[in-house]
1. Are there any trypsin sites (Lys or Arg not before Pro) in segment 107-202 that are in a DSSP loop and have at most 14 other Cβ atoms within 10 Å? List them by number.
2. Expressed as a whole percent, how much of the Cα-Cα distance distribution for segment 57-197 exceeds 27 Å?
3. When a footprinting reagent is the concern and you count Cβ atoms within 10 Å, what order do Asp163, Asp125, Asp194 take, fewest first?
4. With labels modelled as points extended 7 Å from the Cα through the Cβ direction, what inter-label distance (nm, one decimal) is found for Asn187 paired with Glu59?
5. Can you tell me which of Glu148, Glu72, Glu81 moves the most in a GNM of the chain? Springs connect C-alpha atoms under 10 Å apart.
6. Can you list the residues, at least 5 places off or on another chain, whose amide H is less than 5 Å from the amide H of Ile38, using H built in the peptide plane?
7. Going by C-beta contacts inside 10 Å, put Ile38, Ile2, Ile154 in order with the fewest on the left.
8. Assign unit charges at the C-beta atoms only (+1 for Lys and Arg, -1 for Asp and Glu), then state the dipole size of the chain relative to its Cα centre in Debye, rounded to the nearest 20.
Amino acid sequence: MIRIDLHVHTVYSGDSTINPKLLVELLNANSTVRAVAITDHDTLEGYRHVKKLAKAYGELLIIPGIEVSTVEGHLIVLGVEEKPPYPLRAESLIDFAREREALLIVPHPYRVCGLGDFAKNLDVDAVEVLNFRASRFENELAKRLAQEMNLPGIAGTDAHRPDQLFKVYTEVYANPDLSSVLKAIKNGLVKTGDLKGYEFKY
Ligand SMILES: [Zn+2]
Ligand SMILES: [Zn+2]
């Protein structure tokens, strides 16, 4: 089992203050969360920097990802290292991801920029049911969406500041390598978790 923060933004997102070096250091120092997915807005630059820096720390798993601003709302693709062509509709992004055997996650469906109920029309793999920056109510709605779509629910902090990192995480029952992790998420071998003492915002 490996605990992963599946939703993290670096300074390359433009609206985050998390620099790659600090991120790698904080991850290395964290005894609970041992992996992150870098999901910057519409760029893989941050991932490339984090990946390079993490090489010095053998056992950290850095998952390539991108949070794409589709016409209809945000969608996260994990397991790709190339940027899709823009602008694009959610359906086209799904085709792009499927051609590359990537994983598709609906992040914060009921927060600003979320896909909302529109997600029900989409062929995706998981729903983010615990977003550290969403309210308890928004996360509740997301959980209901996952149940309705019969999809696994995952957790990610959506951290844009260092102090938000790793506050929630996804436990993935897989070996700590990229393909095992992606396959396990797809198969629902996941559980959401949060650090003790963490309280939802309202
Ligand atoms: Zn988003
Ligand atoms: Zn995000």
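Read-outs: derived from the displayed coordinates by stated rules, not from any lab. Everything quoted here is computed from the prediction, not taken from an experiment. Backbone-built Cβ (ideal geometry, glycine too); neighbour counts: all protein chains shown.
1. On the way: sites: Arg111, Lys120, Arg133, Arg136, Lys143, Arg144, Lys167, Lys183, Lys186, Lys191, Lys196, Lys201; in loops: Arg111, Arg133, Lys167, Lys196.
Those satisfying the criteria are Lys196.
2. Numbers: 1480 of 9870 pairs.
Here the tail beyond 27 Å accounts for 15 percent of pairs.
3. Values: Asp163 10, Asp125 19, Asp194 16.
Listed from fewest to most nearby Cβ atoms, that is Asp163, Asp194, Asp125.
4. So the two model labels end up 2.3 nm from each other.
5. Comparing Glu148, Glu72, Glu81 in a Gaussian network model of the chain, the most mobile one is Glu148.
6. Ile63, Gly65
7. On the way: Ile38 30, Ile2 20, Ile154 33.
The fewest-first ordering by Cβ neighbours comes to Ile2, Ile38, Ile154.
8. Working: 24 positive and 28 negative charges, 103 e Å.
The dipole of the chain has a size of about 500 debye.
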